[in-house]
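Structure record follows, encoded as structure tokens.
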Amino acid sequence: MSIVYVDLSAKVEQWERDSAVAACNDITRILLIPGRVKQQVRQMLIRQHTRSSVHYRAFAVFIYLAIRDDLANIEQLVIDRDYSGANVEGVIKSLLLDLLHKDKPNLPNGFIRFENIAGQRADVFARECFQRKREADRMVRFEELEAILRK
């Protein structure tokens, strides 16, 4: 069991730009989410929910996709404080826990923590992938995210 740090390059709400999400510690996974895929996710979320929560929902689903295959080996998830404030962090935490509980129903609320993780491998790897200095493990397709959002 390990602590996994997660960071996202390029804010979610920069819908036209690609984003890289990196999850690092004992595991390392870097996913590249093309801008066109982010835009498709945005349109789907707008149809399903209010416009005001769309980027937080997208942020949660991107993180979920990066860690779900290793969830059984993660004791704590530390997310970079890209969106600050107790209310915002609470919303993101709630949305992400809803997704995670489908795979691991007994996860405690304390499973997710927010910190500034500048300099951690997740921060460096996400930035380097975004800048095309490091390859992503894979590029995310809309169909993957659509399947998660339809559950």
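Being surrounded by 19 or more Cβ atoms within 10 Å (Cβ to Cβ) and not aliphatic (A, V, I, L, M) is the filter here, so list the residues in region 107-122 that pass it. Correct list: Phe114, Gln120.
Against the condition closer than 21 Å to Asn25 by Cβ, touching a strand residue (DSSP E or B) at 6+ places or on another chain (Cβ under 8 Å) and assigned to a strand (DSSP E or B), how does Phe114 come out, does it pass? Break it down into steps so the answer makes sense when it comes.
Values: closer than 21 Å to Asn25 by Cβ: yes; touching a strand residue (DSSP E or B) at 6+ places or on another chain (Cβ under 8 Å): yes; assigned to a strand (DSSP E or B): yes.
The answer is yes for Phe114.
Would you confirm whether or not region 37-47 contains a residue that is under 22 Å from Asn116 (Cα atoms) and over 15 Å from the mean Cα position of the chain (by Cα)? No, region 37-47 has no match at all.
Report the residue count in region 123-151 for those that are of a type in the set (Gly, Ala, Ser) and either surrounded by fewer than 19 Cβ atoms within 10 Å (Cβ to Cβ) or in contact with a Gly (Cβ under 9 Å, 6 or more places away or on another chain) (or both).
Step one: of region 123-151, the residues of a type in the set (Gly, Ala, Ser) are 126, 136, 147.
Adding the requirement that they be either surrounded by fewer than 19 Cβ atoms within 10 Å (Cβ to Cβ) or in contact with a Gly (Cβ under 9 Å, 6 or more places away or on another chain) (or both) leaves 147.
Matching residues across region 123-151 total 1.
Filtering region 56-106 to residues that are surrounded by 13 or more Cβ atoms within 10 Å (Cβ to Cβ) and small (Gly, Ala, Ser) leaves Ala58, Ala60, Ala66, Ser94.
For region 117-142, a tally of residues being in a loop (DSSP other than H, G, I, E, B) and small (Gly, Ala, Ser) returns 3. Between Ile27, Ile46, the distinction of being closer than 23 Å to Met1 by Cβ and of a type outside the set (Phe, Trp, Tyr) belongs to Ile27 only. For Ile30, state whether it is aliphatic (A, V, I, L, M) and either crowded, with 20+ Cβ neighbours inside 10 Å or not in a strand (DSSP E or B) (or both). For Ile30, the condition - aliphatic (A, V, I, L, M) and either crowded, with 20+ Cβ neighbours inside 10 Å or not in a strand (DSSP E or B) (or both) - is met.
Just one of the listed residues (Ala122, Ala118) is among the small types (Gly, Ala, Ser) and in contact with an Asp or Glu (Cβ under 7 Å, 6 or more places away or on another chain), and it is Ala122. Could you list all residues from region 72-88 that are part of a helix (DSSP H, G or I) and under 13 Å from the mean Cα position of the chain (by Cα)? Scanning region 72-88 gives no hits. Any residue at all in region 19-27 that's small (Gly, Ala, Ser) and assigned to a helix (DSSP H, G or I)? No.
Can you name the residue in region 117-132 that is of a type in the set (Gly, Ala, Ser) and over 13 Å from Val6 (Cβ atoms) and, of all such residues, is nearest to the chain's Cα centre (by Cα)?
Step one: of region 117-132, the residues of a type in the set (Gly, Ala, Ser) are 118-119, 122, 126.
From what is left, the residues that are over 13 Å from Val6 (Cβ atoms) are 118-119.
Details: Ala118: 16, Gly119: 18 Å.
The selected residue is Ala118.
Can you say whether Tyr64 is within 15 Å of Val12 (Cβ to Cβ), hydroxyl-bearing (Ser, Thr, Tyr) and modelled with pLDDT of 95 or more, as far as the supplied structure shows? The answer is yes for Tyr64. With respect to the conditions (1) closer than 21 Å to Asp137 by Cα; (2) in contact with a helix residue (DSSP H, G or I) (Cβ under 6 Å, 6 or more places away or on another chain), Arg57 falls short on a single one, namely (1).
Kindly establish whether Ile46 is assigned to a helix (DSSP H, G or I), in contact with a helix residue (DSSP H, G or I) (Cβ under 8 Å, 6 or more places away or on another chain) and loosely packed, with under 14 Cβ neighbours inside 10 Å. Break it down into steps so the answer makes sense when it comes.
Details: assigned to a helix (DSSP H, G or I): yes; in contact with a helix residue (DSSP H, G or I) (Cβ under 8 Å, 6 or more places away or on another chain): yes; loosely packed, with under 14 Cβ neighbours inside 10 Å: yes.
So Ile46 fits the description; yes.
The values are calculated or read from the model by the stated rules, or taken from the named source; none is laboratory data. Small disclaimer: the values here were computed from a predicted structure and weren't measured. Cβ: placed from backbone, ideal geometry, glycine included. Neighbour counts: every protein chain shown.
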